[in-house]
Amino acid sequence: MNPASVRTVGVATPNSRYDILIGTGLLDAPAPWQGLPRASRAVIVSNPVVDGLYGAALERALAPHYRQVSRMLLPDGEQHKDWHSLNLVFDHLLATGCDRKTVLFALGGGVVGDMTGFAAASYMRGVPFVQVPTTLLAQVDSSVGGKTAINHPLGKNMIGAFYQPVRVVCDLATLATLPARELSAGLAEVIKYGPIADMAFFDWIEAHIDALRACEPDALAHAVQRSCEIKAWVVGQDERESGLRAILNFGHTFGHAIESGLGYGTWLHGEAVGCGMVLAAELSAALGLVPAAFVDRLRRLIQRAGLPVVAPPLGTERWLELMRVDKKAEGGETRFIVIESPGQARLQPVPDDIVRRVIEQHGAAA
Ligand code: NAD
Ligand code: GLY
């Protein structure tokens, strides 16, 4: 790997600064693993699929820096993002005598990343962790910004902490083994950055969507870099989501309802977000903020990314009930990220009757 081909995006929050390294072959290169917190122990947290593909390579990369490197595996899948799995990490850390300097490495997608981050935030009141995301979704979104969480049966990502990694290492080569459905799910979060922050990027995605789906390296590198730049910019201004950061949840109120309404793991998170963005754009149009042509344009791109655009028929009242269990809800009022104009988003409460109309008009009612 040529070091010049590594792209670096910095993240700065009031209490932390770290780099996101983006390149092909980083797991096999020495530089990305230098200069991390010193410790005698490192623990790689992964799942059987990702460990089988990349666990040995990461262990080799870390061996020169830690006296002992161990690997512990969580069950694979969103339905396992829960207390039971989280406790397996603590079991491993305690049973193998890990101390408060031990560095955790999250090797996997957003599920492994969110759980490892939460474990790192709470083990001995906090140990350092490094994100090594291996899905597109994790490289462009979940590994950056320090949101860590597990699900509760009554709501997604309801238990967690803000806790920043000390580095994020995105090896684009790992995306070569990602199933096409998972790649599409990641594209939903890439597309998201257009309507909320950067319509020039949206134009670029429209022009390169086929190259992205074909895993063309330059296209992937640009998509990951620009997504991380936008996310870093947002998180740098509002780490704890007291305002601006909420725009990153465009499509997520509808999306989380799909995920918990159908049962976690039925639709992929990215699929639910993709479809949720179509509904949130329809809502923005119903509020008179954006023209129908914009909604059609977004729907077409989401469809070209290989994502569903018709919401599942959960029943209107069930939809409303599910969306009330949302971290953005306040005083019993459901709030949505709406597009105020293409490239700009805001959080606002929307009366139930307008939401109901959008749900009923877009095939999701019953
Ligand atoms: P995931 O972690 O379940 O990974 C998807 C699947 O791909 C898994 O089966 C995994 O084993 C497999 N996989 C991972 N890397 C692979 C590779 N390189 N080759 C082959 N298979 C591979 O799903 P995800 O889409 O990465 O993440 C979704 C999760 O991320 C959700 O729980 C969501 O809530 C969370 N998320 C968090 C944030 C945040 O800011 N923390 C943001 C967005 C999403
Ligand atoms: N993915 C939403 C956030 O990081 O805030």
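The values are calculated or read from the model by the stated rules, or taken from the named source; none is laboratory data. What you are looking at is a predicted structure, and each value in this text was computed from that prediction instead of being measured. Every residue, glycine as well, gets a Cβ built from its backbone with ideal geometry; the counts of neighbours run over all protein chains shown.
If the condition is being of a type in the set (Gly, Ala, Ser), under 24 Å from Met323 (Cα atoms) and under 14 Å from the mean Cα position of the chain (by Cα), then region 224-266 contributes Ala246, Gly251, Gly255. Here no strands (runs of 3 or more DSSP E) wholly within region 138-213 include at least 2 residues being of a type in the set (Lys, Arg), within 10 Å of ligand 1 (Cβ to nearest atom) and over 30 Å from Val290 (Cα atoms).
Suppose the filter is over 24 Å from the mean Cα position of the chain (by Cα) and either under 16 Å from Thr253 (Cβ atoms) or assigned to a helix (DSSP H, G or I) (or both); does Arg346 pass it?
Details: over 24 Å from the mean Cα position of the chain (by Cα): no; either under 16 Å from Thr253 (Cβ atoms) or assigned to a helix (DSSP H, G or I) (or both): yes.
Judged against the criteria, Arg346 is not a match.
The number of residues in region 66-87 being more than 19 Å from Ala138 (Cβ to Cβ) and surrounded by fewer than 18 Cβ atoms within 10 Å (Cβ to Cβ) comes to 6.
How many of the residues in region 244-273 are on the phi > 0 side of the Ramachandran plot and more than 9 Å from ligand 1 (Cβ to nearest atom)? Working first, answer last.
Here is the first cut: in region 244-273, the residues on the phi > 0 side of the Ramachandran plot are 251, 263, 265.
The next check asks that each one be more than 9 Å from ligand 1 (Cβ to nearest atom); those that pass are 251, 263.
Total satisfying the criteria: 2.
Of the residues Val130, Val45, the single one that is more than 14 Å from ligand 1 (Cβ to nearest atom) and either in contact with a Lys or Arg (Cβ under 9 Å, 6 or more places away or on another chain) or modelled with pLDDT under 95 (or both) is Val130. Just one of the numbered conditions (1) more than 15 Å from Asn47 (Cα to Cα); (2) within 16 Å of ligand 2 (Cβ to nearest atom); (3) crowded, with 24+ Cβ neighbours inside 10 Å is not true of Val130: (2). In this structure, Val50 does not satisfy being within 14 Å of ligand 1 (Cβ to nearest atom), within 21 Å of Phe162 (Cβ to Cβ) and in contact with a Ser or Thr (Cβ under 7 Å, 6 or more places away or on another chain). In region 205-232, the residues that are closer than 30 Å to Val166 by Cα reach residues that are more than 16 Å from ligand 1 (Cβ to nearest atom) and part of a loop (DSSP other than H, G, I, E, B) with C-beta atoms within less than 8 angstrom, at least six apart or across chains, in these pairs: Arg226/Asp198; Ile230/Asp198.
Considering only strands (runs of 3 or more DSSP E) fully contained in region 1-117, which possess at least 1 residues that are within 16 Å of ligand 2 (Cβ to nearest atom)? Reasoning before the result, please.
Values: elements: 7-13, 16-23, 41-46, 68-73, 103-108.
In region 1-117, the matching strands (runs of 3 or more DSSP E) lie at 7-13, 16-23, 103-108.
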